[in-house]
Structure formats: structure tokens, C-alpha cells
Amino acid sequence: MQVQQLHPWPDTVEEAEAVQDRLRPRVELTGPASFDLVAGLDVHYHGDGELTAAVVVMDAGTLAVAEQVVAHGKAAFPYVPGLFAFRELPALVEALERLTVTPDLLVCDGYGLAHPRGFGLACHLGVLTGLPALGVGKTPFVGTHEPPGPERGDWTPITYDGAVVGRALRTRPGVKPVYVSQGHRVSLDTVTAQVLRLAPRYRLPEPIRRADHLARHP
DNA sequence: GCGACAG
DNA sequence: ATCTTGTCGC
């Protein structure tokens with residue numbers, strides 16, 4: 001599939017933040033509620049900044065794998081909280097460009113709107129591809145929230161600067177919640193419904209688990 | 001003011 | 001992210 005050009009690539013924290021501020025207005029917070037093909041994205045780090053990005057496309061209904069690709073590369077930016085996306089973006093974009101099918105939804109590991117400047121990895125990938133995208137985080141990042149109830153499907157809002165930016169969502173009974181947020185062209189209700197549907201058995205959505213496995217064992 | 005801070 | 005043993009549970 002085709003992905004929008006990345007350059008110019010930022011060299012400094014200030015330039016990276018400026019890129020986020022420039023792209024943030026392009027984020028759309030409404031869109032389709034159902035999808036045929038969903039793509040899970042993840043990156044695995046080796047040593048020396050070497051990394052492998054993996055994308056696994058699955059049938060949204062059956063969770064059968066439709067296509068999977070990897071791309072090797074190097075971390076493209078130092079790790080700075082809030083600028084995490086710049087480490088992985090080039091390798092993830094490269095992997096997406098190698099896909100012969102175009103997914104209808106990107107399921108990203110990391111945040112979307114629930115981000116210090118409202119523009120996490122899921123927003124960035126959504127805007128560059130034009131595709132609906134959502135973010136799934138494994139630890140709380142920004143904002144505050146109450147612990148959700150103990151049952152699968154229970155959730156509480158994540159609030160940041162007086163606005164709701166995501167949800168703490170229980171995907172397995174009695175297991176730590178995941179932290180979900182909108183990336184691009186999806187509502188928060190759709191994000192919640194899709195993550196629940198894509199995680200019928202484990203804490204994390206199946207597409208992310210498959211991508212994680214593929215990145216580790218290419 | 002200080003520490004913490006997606007992966 | 002990664003460094004790491006054993007342990008509990010399905």
C-alpha cells in the first residue's frame with residue numbers, strides 16, 4: 001500500500017514536536033464502525049538500535065491471517081517520552097508499503113490521542129496512511145483514570161487537561177486493563193468495541209500479539 | 001522543586 | 001524496549 005512521504009525527518013526534539021503539531025489538525029475523530037481487514041503493528045529491538053517492524057493483516061471476522069510482512073531498520077530517533085513514534089515510524093512505514101493488501105484499520109501498540117500533545121503513534125500512522133487507526137497501551141501514560149470494574153468489557157475514562165482522551169479497558173477478567181485511544185478516523189466507542197472484539201482470549205488484541213511474535217521470530 | 005514519563 | 005527464576009493457572 002501507499003504511505004505519505006515522511007521527510008523532512010526531524011533531528012531535534014523541537015523539530016519533532018513541530019512535526020506533531022503540524023500534523024495534529026489532520027486527525028479525524030469519527031469514521032467507520034466496522035472493518036474487514038485489520039492490521040496489527042509492532043516493533044522488536046535487538047541491540048545497537050537495530051529493530052524489526054512487523055505488520056500482520058487479519059480477517060476481522062475470523063481472525064485468519066491474510067498477509068504478514070517485516071522490515072528491518074534502525075531506531076530513527078532517541079527515546080524521548082512523547083516522541084516515541086519517531087523511533088519506529090520509518091520501519092513501520094516500510095513494512096506497510098510492502099503490503100499487497102490495504103487494511104481497513106491499523107491496531108498500533110502505543111497511544112493515539114492519549115498523548116502529551118494529543119498526537120501519539122496511532123495518530124501519526126493514521127494520518128500518514130489516511131486509514132482508521134487506534135492505539136493500545138500496556139501502561140498508563142498521560143492523564144488520570146479510575147480502575148475499571150473486574151469484568152471483561154468494563155472501562156473507565158482517561159482524562160487529561162479536562163478532556164476525555166481514552167479509556168482504561170478490561171479485556172480479561174481480573175487482569176490488568178489496557179489503555180486505548182483514538183488514532184485516526186475512529187470514535188472512542190468504536191475503538192473500545194474493536195479492541196474488545198480483537199482480544200477475545202488474551203489481554204492484548206490478537207493482531208498485536210501476532211505482530212509481536214513475528215517481529216521476534218522473523 | 002523533583003521525579004516520573006508510550007516502547 | 002531489555003536485563004531475568006521460579007511459580008501459578010488454564
Local electrostatic count at A:Q2 - Lys and Arg +1, Asp and Glu -1, tallied over other residues with Cβ under 12 Å:
0
When the Karplus curve 6.51 cos²θ - 1.76 cosθ + 1.60 is applied with θ = phi - 60°, which whole-Hz ³J(HN,Hα) does each residue of the stretch A:8-25 get, with x for Gly and Pro?
x, 7, x, 9, 10, 4, 4, 5, 5, 5, 5, 4, 4, 5, 6, 8, 3, x
Listed residues A:V165, A:V93, A:V19, most fluctuating in chain A (Gaussian network, C-alpha, under 10 Å)
A:V19
Please give, to one decimal in nm, the separation of the simple spin-label points placed at A:R197 and A:D59, each 7 Å out from Cα toward the Cβ.
1.5
Residue-averaged [θ]222 nm for chain A, counting only DSSP H segments that reach four residues, each worth -39500 (n - 2.57):
-7500 deg cm²/dmol
If you take the beta carbon distance between A:T12 and A:E97 as r and set R0 to 41 Å, what does 1/(1 + (r/R0)^6) give as a FRET efficiency, to the nearest 0.05?
0.95
Charge tally for neighbours of A:V101 with beta carbon under 12 Å away, counting Lys, Arg as +1 and Asp, Glu as -1, is -3
Under a point spin-label approximation (7 Å from Cα along Cα-to-Cβ), what is the A:E50-A:V80 distance to one decimal in nm?
2.8
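Every number here is computed from the coordinates shown, using simple stated rules; none is lab data. Computed from a predicted structure; not experimentally measured. Cβ sites come from the backbone with ideal geometry, for glycine too, and all protein chains shown count toward neighbours.
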